[in-house]
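Data first, discussion second: the structure below is written as structure tokens.
The values are calculated or read from the model by the stated rules, or taken from the named source; none is laboratory data. Everything quoted here is computed from the prediction, not taken from an experiment. Heads up, the Cβs are rebuilt from the backbone with ideal geometry, glycines too, and the neighbour counts pull from every protein chain shown.
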């Protein structure tokens with residue numbers, strides 16, 4: 001079970017671009033690459049999935065138990081020749097002071113050799129004490145090598161290599177120069193997702209070629225083979241395939257694409273047939289028992305969404321008839337009345353959304369809700385579990401002009417939600433909120449949603 005953990009000293013060090021490039025370079029050499037991402041994220045996994053040709057899985061201490069992480073990791077690695085885990089933020093960053101949920105903790109748990117990506121802009125000899133400090137801080141992990149990133153040129157690279165080789169015993173596995181070919185466009189939530197990038201495969205190939213030329217891929221593979229596989233656990237409460245046979249139509253295009261691969265699998269294992277459709281391009285809604293509108297960027301597709309009145313009318317009719325539906329973040333925004341957005345370079349942009357939820361959506365320059373959340377279900381929830389729910393949110397939008405009589409399915413114990421107190425709007429059999437759920441042992445939401453759909457189908 002060969003695998004590596006790619007981390008950094010701090011966020012914005014370029015580890016995502018390097019992870020994409022390493023996946024592409026390894027695939028080009030014939031490796032079966034299994035990508036992972038630490039923590040909650042949709043955008044980086046979309047790129048890693050495209051680069052590796054395998055679904056990227058998220059490993060998250062907030063929503064998953066340690067043995068649950070090990071089980072998912074082991075199952076995903078079953079047919080892979082090498083695994084690559086991309087960290088979030090810095091190697092030792094996390095919510096807890098003791099580092100229990102840090103990248104280092106996950107690397108130690110999985111027995112992963114750590115490759116440290118260092119942003120070397122404005123740095124020469126100072127790279128050595130940085131590495132020495134990271135080595136000394138935690139004896140539970142092995143920093144097996146460093147990749148010098150954003151290097152200014154051959155002279156800069158020479159000075160950096162000299163300092164690392166003279167003062168430390170950590171091998172330099174590569175030095176990646178600053179280059180336009182290593183660039184992926186960004187905007188308010190991070191990288192522009194691969195499902196919105198028309199030339200994403202070309203960009204991945206370019207990045208992969210740059211990485212292959214400047215990083216010792218063979219040495220990386222050797223280091224990956226020193227990984228100690230985590231203990232395998234068999235979960236007694238894994239989602240089992242049920243006898244329910246329901247159909248869920250889920251929005252999937254460049255406006256809506258934020259779905260966890262494991263959640264889609266859990267829906268299928270629970271007895272749901274999944275049919276993708278596009279609110280941007282399709283004129284008719286697939287025949288289905290329920291709808292799932294995931295997160296995404298409706299604000300960047302205002303004109304197309306506003307103009308496609310045919311699909312909008314069918315979605316409104318479907319929900320108004322009391323059919324089950326679930327929406328997260330971007331899906332919530334799409335269900336409101338109007339969406340307005342003033343960018344830094346453009347005048348006010350506005351678009352009419354579906355109008356199912358009596359509220360308007362305003363985009364802001366700063367995040368309105370960001371990070372881990374905890375939710376307590378209210379009696380309004382259509383498919384309740386009764387447990388405290390761990391989830392996450394990341395939205396630059398907020399609801400305003402909210403109509404009276406709104407019923408909320410969640411009380412927000414931590415986080416922002418819709419108004420700082422509540423999240424999850426219930427309308428008939430629709431549940432729509434800002435929180436992104438994750439199907440886990442503690443919150444088997446996919447199973448409960450499918451059961452609810454089945455119950456509603458039986459009433460017809």
Could you figure out which of (1) crowded, with 16+ Cβ neighbours inside 10 Å; (2) not in a strand (DSSP E or B) isn't true of residue 366? (1)
With 405, 331, 371, 351 as the choices, which residue is assigned by TED's automatic domain parsing to the domain that holds residue 447 and in a loop (DSSP other than H, G, I, E, B)? 405
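For the range 257-290, enumerate the residues that are part of a strand (DSSP E or B) and in contact (Cβ under 8 Å) with a residue 40 or more places away in the chain. Walk me through how you get there before you give the answer.
Keep residues of the range 257-290 that are part of a strand (DSSP E or B), which gives 257-258, 272-277, 290.
Of everything in the range 257-290, those that are part of a strand (DSSP E or B) and in contact (Cβ under 8 Å) with a residue 40 or more places away in the chain turn out to be 257, 258, 272, 290.
Answer with yes or no whether residue 66 is under 24 Å from residue 116 (Cβ atoms), outside the structural domain of residue 372 (by TED's automatic domain parsing) and either at pLDDT 95 or above or in contact with a strand residue (DSSP E or B) (Cβ under 6 Å, 6 or more places away or on another chain) (or both). So that I can check it myself, show each step before the final result.
Working: under 24 Å from residue 116 (Cβ atoms): yes; outside the structural domain of residue 372 (by TED's automatic domain parsing): yes; either at pLDDT 95 or above or in contact with a strand residue (DSSP E or B) (Cβ under 6 Å, 6 or more places away or on another chain) (or both): no.
Answer is no for this residue.
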Would you pick out the residues in the range 131-150 that are more than 28 Å from the chain's Cα centre (by Cα) and crowded, with 18+ Cβ neighbours inside 10 Å? 131
Residue 54 is checked against (1) outside any helix (DSSP H, G or I); (2) touching a helix residue (DSSP H, G or I) at 6+ places or on another chain (Cβ under 9 Å); (3) surrounded by 21 or more Cβ atoms within 10 Å (Cβ to Cβ) and fails just one. What number does that condition carry? (3)
Do we have any residue at all in the range 301-312 that's closer than 21 Å to residue 400 by Cα, outside any strand (DSSP E or B) and touching a helix residue (DSSP H, G or I) at 6+ places or on another chain (Cβ under 7 Å)? yes
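What about residue 197, is it within 30 Å of residue 439 (Cα to Cα) and either at pLDDT 80 or above or out of contact with any strand residue (DSSP E or B) (no Cβ under 8 Å at 6 or more places or on another chain) (or both)?
Yes: the conditions hold for residue 197.
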Residues in the range 374-392 that are part of a loop (DSSP other than H, G, I, E, B) and exposed (fewer than 15 other Cβ atoms within 10 Å of the Cβ) total 5
Would you tally the residues in the range 334-348 being out of contact with any helix residue (DSSP H, G or I) (no Cβ under 6 Å at 6 or more places or on another chain), outside any strand (DSSP E or B) and either at pLDDT 95 or above or within 16 Å of residue 428 (Cβ to Cβ) (or both)? 3
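Restricting attention to the range 164-175, and to residues there that are in a helix (DSSP H, G or I) and farther than 15 Å from residue 119 by Cβ, which single residue is farthest from the chain's Cα centre (by Cα)? Give the steps one after another, and end with the answer.
Step one: of the range 164-175, the residues in a helix (DSSP H, G or I) are 164-167.
Then drop every residue that is not farther than 15 Å from residue 119 by Cβ, which leaves 165-167.
Working: 165: 36, 166: 39, 167: 37 Å.
Within the range 164-175, the match that is farthest from the chain's Cα centre (by Cα) is 166.
If only one of 26, 48 is without any contact (Cβ under 8 Å) to a residue 40 or more places away in the chain, touching a helix residue (DSSP H, G or I) at 6+ places or on another chain (Cβ under 9 Å), assigned to a helix (DSSP H, G or I) and within 29 Å of residue 202 (Cβ to Cβ), which one is it? Explain how you work it out, then say what you get.
Details: 26 fails: without any contact (Cβ under 8 Å) to a residue 40 or more places away in the chain.
48 is the lone residue from the list that is without any contact (Cβ under 8 Å) to a residue 40 or more places away in the chain, touching a helix residue (DSSP H, G or I) at 6+ places or on another chain (Cβ under 9 Å), assigned to a helix (DSSP H, G or I) and within 29 Å of residue 202 (Cβ to Cβ).
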Of the residues that make up the range 75-87, is at least one touching a helix residue (DSSP H, G or I) at 6+ places or on another chain (Cβ under 6 Å), closer than 26 Å to residue 441 by Cβ and surrounded by fewer than 21 Cβ atoms within 10 Å (Cβ to Cβ)? no
